[in-house]
Every structure is written in structure tokens, then in C-alpha cells.
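Q: Below is the structure I would like to discuss, written out as C-alpha cells.
The values are calculated or read from the model by the stated rules, or taken from the named source; none is laboratory data. Fair warning: this is a prediction, and the values are worked out from it, not measured in the lab. Quick reminder, even Gly has a Cβ in these numbers, built from the backbone with ideal geometry, and neighbours come from all protein chains shown. Just the protein is used for accessible areas: all its heavy atoms, side chains included, with ligands, DNA and RNA removed. Shrake-Rupley method; radii C 1.70, N 1.55, O 1.52, S 1.80 Å.
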Amino acid sequence: ASRVLVVNTAADADRVTLSGLTLRDGNAGGPGGGGILLSNGRLTLDACVVTGNRTTAGDGGGVYQRSGGDAVVIRNSVVSGNSAS
């Protein structure tokens with residue numbers, strides 16, 4: 001009944017890398033990012049799966065980058081089967 005992960009680092013230049021993870025079945029129940037919400041900083045997904053996540057706010061069922069977020073880099077990963085309504 002909650003999103004899987006929030007990335008909110010101290011500065012936009014800070015970096016978080018996730019590798020080899022499956023992030024699934026998150027439910028933000030509100031604004032963006034049922035799977036991942038990038039609020040601040042830089043996020044890299046490498047060899048990850050983001051699936052089955054949802055939000056009812058219409059923004060980013062799987063991954064959502066707020067305006068303060070620096071960047072999302074997705075490599076060798078699958079983002080599918082997520083929904084935003």
C-alpha cells in the first residue's frame with residue numbers, strides 16, 4: 001500500500017545506483033511514482049525490473065521524476081506493466 005522507493009538526496013549532483021533489483025507492486029496512492037519517486041538527485045537503474053506498480057495521480061506508475069530530480073538513467077533494465085490513472 002505504498003511506493004517501493006523514494007530517492008531524495010541532499011543535492012541534485014548526488015547519485016544513487018540500483019543494480020539487479022526487481023521493484024514491483026508499489027502503490028503511491030497519490031502523486032507519482034508507484035515504484036520509484038525521484039525527488040532529488042540522480043538515479044541509475046542497471047539490470048533492474050520495474051513492474052506492476054501504480055499511482056492514482058496520473059504521473060509515473062513505475063518511475064516518476066519530480067522537477068527537483070536531476071536525472072533518471074535506465075540501462076539494461078525493463079520498465080513495464082505499470083499504470084497511472
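Q: Taking the Cα centre of the chain as origin, sum charge times position over the Cβ atoms of Lys and Arg (+1) and Asp and Glu (-1), and report the length of that vector in debye to the nearest 20.
A: Once rounded to the nearest 20, the dipole reads 120 debye.
Q: I'd like to check one number: the per residue accessible area of region 1-56, probe 1.4 Å, reported in Å² as a whole number. Present the calculation step by step, with values, prior to reporting the outcome.
A: Details: 2640 Å² over 56 residues.
Per-residue accessible area for region 1-56 comes out at 47 Å².
Q: In the chain, what percent of the accessible surface is made up of carbon and sulfur (1.4 Å probe, ligands and nucleic acids excluded)?
A: 43
Q: Past the 23 angstrom mark, what percentage of all C-alpha to C-alpha distances in the chain do you count?
A: 12
Q: Can you give me the long-range amide H partners of Ala57? Hydrogens built in the peptide plane at 1.01 Å from N, cutoff under 5 Å, separation of 5 or more residues or another chain.
A: Answer set, sorted by chain and number: Gly30, Gly32, Ser85.
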